[in-house]
Amino acid sequence: MTQHTRSTCPYCGVGCGVLIESEAGRITGVRGDPAHPANLGRLCSKGATLHLTARPEVQEQVRLLQPLRRAARGAAAQPIAWDTALDTLAQRIAATVRQHGPDAVGLYVSGQLLTEDYYAFNKFAKGLLGTNNIDTNSRLCMSSAVAGYKATLGADAPPACYEDIAQASTLFIAGANPAWAHPILFRRIEDARRANPALKIIVCDPRRTDSAALADLHLALRPGSDLWLLHGMLRCMVEQGWTDPAYIAAHTSGWTALQAQVAQATPEAVWQHCGIAPADLLQAARWFAGVESGSDPRRPTLSLYCQGLNQSARGTDNNAALIHLHLACGQIGKPGAGPFSLTGQPNAMGGREVGALANQLSAHRNLADPRHRAEVAALWGVPEVPAAPGKAAVEMFEAAAEGHIKLLWIACTNPAHSLPDQALVRRALQRAEFVVVQDAYAGVATARFADLLLPAATWGEKEGTVTNSERRISRVRAAVPAPGQAWADWRIVTQVARRLQPLLPQRAALPGLFPYEGPEAIWNEHRESTRGRDLDITGLDWALLEAAPRQWPCPTGQAEGTARLYADGRFATADARARFVPQQPGGVAEPTDARYPLALLTGRLRDQWHGMSRSGTVESLWAHAGEPVAQMHAADMARLGLRDGDLAYLTSRRGSIVAPARASDELASGQVFLPMHWGDEVLGGASSTGRRLAGVNALTTAARCPQSLQPELKHAAIKVLKAELP
Ligand code: SF4
């Protein structure tokens with residue numbers, strides 16, 4: 001008989017509800033959940049084919065089904081019992097801490113984990129082990145949004161919700177391609193356009209994407225010139241009298257200083273830096289300000305933004321500059337308005353909530369604040385949480401490459417594919433004395449470097465929660481048992497912790513720190529950690545969550561959650577005023593030059609997800625794009641002697657890759673686009689030219705935003721040659 005299990009899609013941050021169909025312990029189908037507010041029954045191509053990723057023959061071929069141990073690097077991994085694997089890991093960690101201190105251990109986790117997994121990992125590092133060396137692959141996609149919100153609004157809290165799309169008069173989509181990266185949100189944008197022909201859509205993107213094709217105004221700015229554009233729009237608003245002086249006076253601080261700074265962003269300067277014509281700049285500013293029809297009340301503007309702003313060496317400034325526009329026009333805290341950063345991964349938000357980053361603590365607490373550290377230590381029942389910030393993503397691998405981090409525990413992410421500057425990452429993985437890979441999939445590139453492999457359960461097999469872009473917490477439920485000996489991630493962490501605690505002299509005498517028997521107990525501890533915080537979810541018990549997903553905050557006594565934040569104009573800063581923060585416009589970290597004259601842009605494709613461990617197992621998802629193509633402007637291809645399908649040899653200061661070239665009118669001359677999904681673990685072996693194919697991150701730079709530490713994955717300077725056939 002067919003069973004139906006309500007759960008959540010494990011791909012993107014839209015967080016669509018799914019109904020999983022299963023029979024006799026096998027997943028047989030999936031449908032969109034009509035009751036889930038994120039998608040109301042719809043699914044995109046990836047979500048609709050989820051059941052195909054759980055076919056038994058797929059499980060057999062691609063899953064990591066038992067713990068494995070390598071006696072030496074390069075040797076074949078051999079099966080071992082779970083008890084042996086857990087003992088080995090606990091003993092290796094204890095020995096590393098004894099010899100080198102807790103900061104010689106690094107935990108690198110993932111926005112694919114459930115909130116309860118994330119919570120357990122964070123407590124393991126900061127509470128049990130005594131190091132802040134835990135960071136997540138969400139650093140690569142969301143940390144600039146976090147830093148931007150905190151700098152301006154005082155808390156890492158996206159203030160808007162999906163319903164605002166239908167209520168906006170202007171949608172300002174910056175550095176995002178929801179048509180491909182957030183397809184179900186894009187359906188809502190299309191619905192809004194049909195329902196309201198007067199809706200204005202502005203898309204800021206160097207490429208003419210499918211999202212840009214829907215726009216009334218496509219601002220094809222030069223890569224990395226976002227700050228000039230946003231400052232230019234603010235300057236226009238000031239000059240034209242389109243700001244909201246009453247809102248600025250009542251609810252913000254820092255306006256005078258910022259106004260002086262944006263004065264340099266004249267229409268001529270914006271043209272020079274961004275390539276945006278003065279008339280388009282003026283139009284964008286007018287639509288954004290919501291004053292299109294003169295004396296009408298100001299019409300609401302919603303910004304939707306993502307990696308184009310975030311994955312930049314100026315990522316935090318980019319985010320703050322966009323939020324400034326909303327504050328300057330009072331476009332926040334009301335239906336249809338607000339700066340709404342979209343999350344890439346299904347639970348990037350959950351990781352932010354539990355503070356599983358090297359510079360954060362539980363429930364949006366700050367690591368730098370001694371009172372916050374003391375609160376978390378008391379909650380966990382440990383004497384202290386260390387004060388020194390840990391290593392953030394790329395920093396962690398730099399520290400391993402330099403020999404400072406000796407043991408790396410990597411869970412549910414694939415840094416040998418997804419981090420920038422792969423030459424550095426591989427040096428780190430080779431130099432680390434002990435590498436643990438905890439993953440559902442055996443074929444991830446990072447697994448080749450592992451001394452110990454721990455099989456993890458995945459979608460359809462796990463219980464817990466995730467939070468989507470609009471702060472909505474949904475249940476994830478198991479429809480079938482995990483295959484082989486795969487375990488839930490929280491359970492693996494808990495079992496290692498129980499073995500490790502007695503081996504750590506400073507923690508051995510404490511009561512057991514990991515008493516959990518299931519995700520609900522972890523959820524309750526996390527819930528308690530949020531009491532009185534901006535994301536208070538003390539009112540959201542497991543039973544309520546079982547009934548329906550809800551948006552935080554949801555404090556005790558408020559069962560329905562909160563759709564929008566800051567409606568009262570009071571922000572999460574000490575004086576309740578939002579802040580205009582000073583900033584100087586600038587460009588990319590690695591400008592093009594005579595040696596590397598082309599701008600490499602990277603991004604997602606519509607039908608694949610990350611490194612394709614899961615989505616790559618579905619044949620129909622390959623129909624959209626079967627190989628990693630380097631898209632270029634036809635004039636550049638002609639100059640380089642390339643025709644469609646010719647192999648191009650692309651080189652940056654860090655490495656080279658080969659990819660077929662194809663002319664595209666979506667790009668300006670001087671730009672090359674490559675998708676992020678391919679790595680050498682997917683293509684394997686060699687191409688027909690004898691040259692090894694590798695992923696785009698052989699080319700990308702580890703340069704990063706100094707505030708958010710998010711790398712500039714979106715841009716690198718490269719050169720391109722035609723690859724000669726033998
Ligand atoms: Fe899944 Fe995202 Fe598609 Fe929704 S939009 S079905 S969450 S991949």
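Laboratory data are not the source of any read-out in this text; all were calculated from the coordinates shown. The shown structure was predicted, so the numbers you read here are calculated from the model rather than taken from an experiment. Note that we place each Cβ from the backbone using ideal geometry, even for glycine, and neighbour counts take in every protein chain shown.
Rounded to the nearest 20 debye, the dipole size of the stretch 598-722 about its Cα centre is 420 debye, using +1 on the Cβ of Lys and Arg and -1 on the Cβ of Asp and Glu. Judged by the ratio a/c of the largest to the smallest principal axis of the C-alpha gyration tensor, the stretch 1-59 counts as oblate, that ratio being 1.5 or greater while a/b is no larger than b/c. Can you tell me how the stretch 598-722 classifies by the Cα gyration tensor, rounded, prolate or oblate, using a/c under 1.5 as the rounded cut? Rounded is the answer for the stretch 598-722, as its axis ratio a/c remains below 1.5.
Helical runs (DSSP H, four residues minimum) scored at -39500 (n - 2.57) apiece and divided by the length of the chain put the mean residue ellipticity at 222 nm at -8500 deg cm²/dmol.
Here the Karplus curve 6.51 cos²θ - 1.76 cosθ + 1.60, taken at θ = phi - 60°, turns the phi angles of the stretch 201-211 into couplings of 10, 10, 10, 9, 6, x, 9, 8, 7, 5, 5 Hz, with x standing for Gly and Pro.
Taking the charge dipole of the stretch 598-722 about its Cα centre, with +1 at Lys and Arg Cβ atoms and -1 at Asp and Glu Cβ atoms, the residue from Ser708, Ala638, Trp678 reaching farthest to the positive side is Ser708.
The magnitude of the dipole of the chain, with charges of +1 and -1 set on the Cβ of Lys/Arg and Asp/Glu and taken from the Cα centre, is near 740 debye. Annotation: the residues Met349, Met237, sorted from fewest to most other C-beta atoms within 10 Å of their own C-beta, follow the order Met237, Met349. Cα centroid separation, the stretch 56-76 to the stretch 557-589: 46 Å. Taking max minus min of the alpha-carbon positions on each principal axis, the chain gives extents of 71, 71, 56 Å, largest first. By its C-alpha gyration tensor, with a ≥ b ≥ c as the square roots of the eigenvalues, how is the stretch 292-430 shaped: rounded for a/c under 1.5, else prolate for a/b larger than b/c, else oblate? Because a/c hits 1.5 or more and a/b fails to exceed b/c, the stretch 292-430 counts as oblate.
By DSSP, the beta bridges lying fully in the chain are antiparallel in about 50 percent of cases. Any chance you could check the Cα centroid distance between the stretch 210-257 and the stretch 516-530 for me, in angstrom? Each part's Cα centre sits 42 Å from the other's.
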